[in-house]
Structure formats: structure tokens, C-alpha cells
Amino acid sequence: MSAEQPLVRVEDLQKYFWENDSLLDRVLGSEPVAVRAVDGVSFDIYPGETLGLVGESGCGKSTTGETLLRLQEPTGGRVEFDGHDIYDLDGSDLTDFRREAQVVFQDPFSSLDPRMTSGEIVQQPLDVHDVGTESERRDRVRDLLERVGLSTDQLDRYPHEFSGGQRQRIGIARALALEPEFLVLDEPTSALDVSVQAQVLNLLDDLQSEFDLTYLLISHDLSVVRHVCDRVAVMYLGEIVEIGPVDEIFTEPKHPYTKALLESVPRASTDERARDRETLAGDVPSPRDPPSGCRFRTRCPMVVPPADVEIDQADFRAIMDLRERIERRDVSLETVGDGRFDFEDGSVPDTDVPGFVAALKDRLLERDLPPRHDAVVEDALAELAASNWESAARRLRTEYESVCERDRPELDEGPHPAACHLYGDRPDAAVDPDSW
Ligand code: SF4
């Protein structure tokens, strides 16, 4: 980590969106619901570096970028740019910040006004900020178009007359017009053909050296991130789960989510293609109601069992998944055993309970458990024979409650921290993080 001061310092940034929050909702007595798009994110970006922000779609990457540019107001936390809290800025200080911090959007097709020529688009920020004389602005526009690899003959053309890669070059020229120090690059190549992506990335690399730029690169494409970033922050459900130097993230990932993301990338070499690929099970939970403790725990293949429970990792994952379904009441009890049990009044006759439990276990668990754990699961499923959902969940919770659901893991210390109970103090960890 650099000893110099960060250009951008993000501290505990939160951005919530609210649902059921209109006047009508309040009149009808609906409770507002927070969608926690960004929930306590902290990181620094040092002058001249490129920090990558990666994660699955919907994890809060773009909202983080927009909030730290003050395109959205935060719910909490602070962002310092060059030592100043950007949410305290107003007047000319805010105008200066807007000049210094610019954005290149994902989609060059929709981010350019189709009624303006390329020259007008690049000149617009200079006009808005009243920079120089009219002829100085025109000279600057010509210079910028050439810097991004376009010809001054193309000044009077409209966006539809350019290819996708050329349009993104216009977007980059526009972002550079005010000589910013910092650019947020929000999926800058994901709308482009693969053949054009490398050209745009190389251009961004050249411009960074030429203009001493600092980048936050938001991307779901890990190969792009590996190619251009110095450090990488990995986001999951509104939180940073790991951050570190790009080589370490790719060769020695710590967090199970980072490992799963990397495992999901197709392998280039034949050797690697032959390797088993772990794929991430389950859907990303809703940011309206994120899981307690570690937000990745509903999908994590390393979720930590209680210290006094000896259990195979895959068996523990299967029991946690079963419990999730019971807690969500996501099991159709009436159809167990193809409906052969009499489930009237919400329970099966006592004599049918063993058969009902066996049929339910067959349906919900794809593996045989050791006898000790099998007995606990059967106890829980027997509660479902009388629709006692809460008792069934409690039976499993009492036996198998994990530190991962109780405590929210914090990023540990050092240049490559991860937010996972397998690291740091490892309070209940009974598994070896290197064993996966
Ligand atoms: S804290 Fe637990 S659930 Fe979360 S990533 Fe680590 S092991 Fe998995």
C-alpha cells in the first residue's frame, strides 16, 4: 500500500433506496422498505492507480461509483476527495469537484445525445464551465478528439455515424475535456465488441500515463480487471468482501466469494479446462432483506459449522440450505410422496409420520448424512408433519447455528484484507480456508 495520501477516501458509505415511501403509502399505513444498495463500503484510491470494483450484477458497484461522484446523495458515510468531504462542498468548491471527477458510462449508444455532433458533445462541458474563449474551446475539442484516436474531420458527425468503439472514444474525450484528476469508468467496454475492447482499454491506459489520471474501474469482467487494475475490491450485496493487489486477488484469493467468482471464469488453457469448476449455487439474496451476519452465507461453500459440531463441509451446507427453505416455508407439504399422505388439517396421521419424513428427506436432501446428523434432520422434518415450521427451524438452528449468521465479518487488517470468519480471529472456525 502506498504511503502517500489517497486521492479518494471512502468511509462507511451507505446508499439506500426506499420503497413504499410515497405519501399514498404512508396514508395506507405501509412501512417504508430500505433497499440497501451500498451498505458500509470503505476503500482508498491512491493518485495514479486504477482500483477495480468487481462483483455480480446488482451488487452495488455502479451505485457506489455514482455516490462517490455525488451523482447520488448518500444515506450515510463520507467520501473525501483530495482531503475534502465532497458532501460538504457547495458553490465554487462543488463546481471544482465536478471538474476534477468525471465519469465514462457503460453504454456509448445511450450516453451521447443523438442530436449533437461529436464536436458539440465534447465541447459541452467546456461551455457549461465557461472554460476559455470560443476559439480556445474549439482548439481543445480538436486536440481531445485526436488524443482519443479520432479525426478532426469527424467533428461535425452525429453519434449514429460512428461505430460503438468510436462512440466510446467520444465519451472518453468528453470526460477528459475539463482536465480531471479522477475518472470513474463504469463498465466502459462491456457494450463493445471483443475486438474493440482491447483498443479502448489500451487507450485508457495511455491516457492515464499521459494525464496522470486516477481510475475507479467498475466491471463484472474479471479479464478486463486483471488487465488494467493495480488493486481490486470485490463487492457482494452492497459490501466490500475483499480488497488487495490485483495479482494476489487473482492468484491467492481469500474470500470464498472471490474464489467462486474466479472459478466461474472460463479457462483459456486445456490443462485448466480439465479442472473441476466450482459454480456458485443459489441466487443472490435481495438487498431488501439481506441475510444476517455474513451476506454470502446463504451460498457459501465454506460456511463455518459450530466449533463443537464435527461435520463434513458439504453436509453442513446441505443442512443450512434445508434450514433456509424451512425458514422461508418454501416446501409444499401437501405434495410430499406425490400426495399419498393424508394432509388434511395441516398434519399427517401419527402412523404416517415415518413415511412422510423419509419422503420429505428424499426430496429435500440430495445426500446421505452420518447417523448423528441424520437423526437431527429427521427430528426437524417430523415437526413439519404437523406443519410446525418454527419448531422445525428451531431444532436445526439450536444444533447448527453458525458464527457466519450471527456475526457480520469485518475486513481484517493489512494490504489484502477479507471480510470472512475464516480469517482474522476465526472465532468458531472449524475449517481450513486453504482446504477449498
Ligand atoms: S464468513 Fe462464513 S459464510 Fe461468510 S464467506 Fe466466510 S465462511 Fe463463508
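Computed from the coordinates by the stated procedures, all read-outs in this text should not be read as laboratory data. Keep in mind that this is a model prediction, so the values were computed, not measured. Note that each Cβ is placed from the backbone with ideal geometry, even for glycine, and that neighbours are counted across all protein chains shown.
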> In degrees between 0 and 90, to the nearest 10, how far off the longest principal axis of the chain does helix 118-128 point, with axes built from Cα atoms?
Replying inline: 90
>> With +1 on the Cβ of every Lys and Arg and -1 on the Cβ of every Asp and Glu, and nothing else charged, how large is the dipole of segment 313-401 about its Cα centre, in debye rounded to the nearest 20?
In response: 340
>> Using Cα-Cα distances under 8 Å and only pairs 6 or more residues apart, what relative contact order does segment 167-222 have, in percent?
In response: 49
> Helix 389-400 versus the longest principal axis of the chain: what angle, 0 to 90°, nearest 10, using Cα atoms?
Replying inline: 80
>> Restricting everything to alpha-carbon atoms, can you work out Rg to Rh for the chain with a Kirkwood hydrodynamic radius?
In response: 1.07
> By the gyration tensor of its Cα atoms, with a ≥ b ≥ c the square roots of the eigenvalues, what is the shape of segment 306-436: rounded for a/c under 1.5, prolate for a/b over b/c, or oblate?
Replying inline: prolate
> Rounded, prolate or oblate: which one fits segment 49-185, using the alpha carbon gyration tensor with axes a ≥ b ≥ c (rounded when a/c is under 1.5, else prolate when a/b beats b/c, else oblate)?
Replying inline: oblate
> When Lys and Arg each count +1 and Asp and Glu each count -1, what net charge do the other residues less than 9 Å away from Gly48, Cβ to Cβ, add up to?
Replying inline: -3
> Which net charge results for the neighbourhood of Arg174, defined as the other residues with beta-carbon distances under 11 angstrom from its beta-carbon, given Lys and Arg at +1 and Asp and Glu at -1?
Replying inline: 0
> Which order results if Met320, Met116, Met302 are arranged by neighbouring Cβ count within 10 Å, fewest first?
Replying inline: Met116, Met320, Met302
> What range in the chain is the longest one free of trypsin sites (Lys or Arg not before Pro) that are in a loop by DSSP and have at most 10 other Cβ atoms within 10 angstrom?
Replying inline: 116-274
>> Which residue, Asn388, Pro287, Pro349, has the largest displacement toward the positive end of the dipole of segment 262-405 when charges sit on each Cβ (Lys, Arg +1; Asp, Glu -1)?
In response: Pro287
> So for Leu216, Leu150, fewest C-beta neighbours within 10 Å to most, what's the order?
Replying inline: Leu150, Leu216
> Share of antiparallel DSSP beta bridges in the chain, in percent to the nearest 5?
Replying inline: 60
> Can you give the net charge of the other residues whose Cβ lies under 10 Å from the Cβ of Pro6, counting K and R as +1 and D and E as -1?
Replying inline: -4
>> I want to check the label-to-label distance for Asp338 and Phe109. Put each point 7 Å from Cα in the C-beta direction and report it in nm to one decimal.
In response: 4.9
>> For the chain, what does the relative contact order come out to in percent, with C-alpha contacts under 8 Å and a separation of six or more?
In response: 16
> Taking neighbour counts of Cβ atoms within 10 Å as a proxy for exposure, in what order, fewest first, do Val376, Val265 appear?
Replying inline: Val265, Val376
> Counting only pairs 8 or more places apart or on different chains, how many lysine pairs in the chain have C-alpha atoms closer than 28 Å?
Replying inline: 5
>> Relative contact order of segment 313-401, please, whole-number percent, based on alpha carbon pairs below 8 angstrom and at least 6 residues apart.
In response: 34
> What is the spin-label model distance, in nm, from Asp330 to Ser195 if the labels are put 7 Å beyond Cα along the C-beta direction?
Replying inline: 4.4
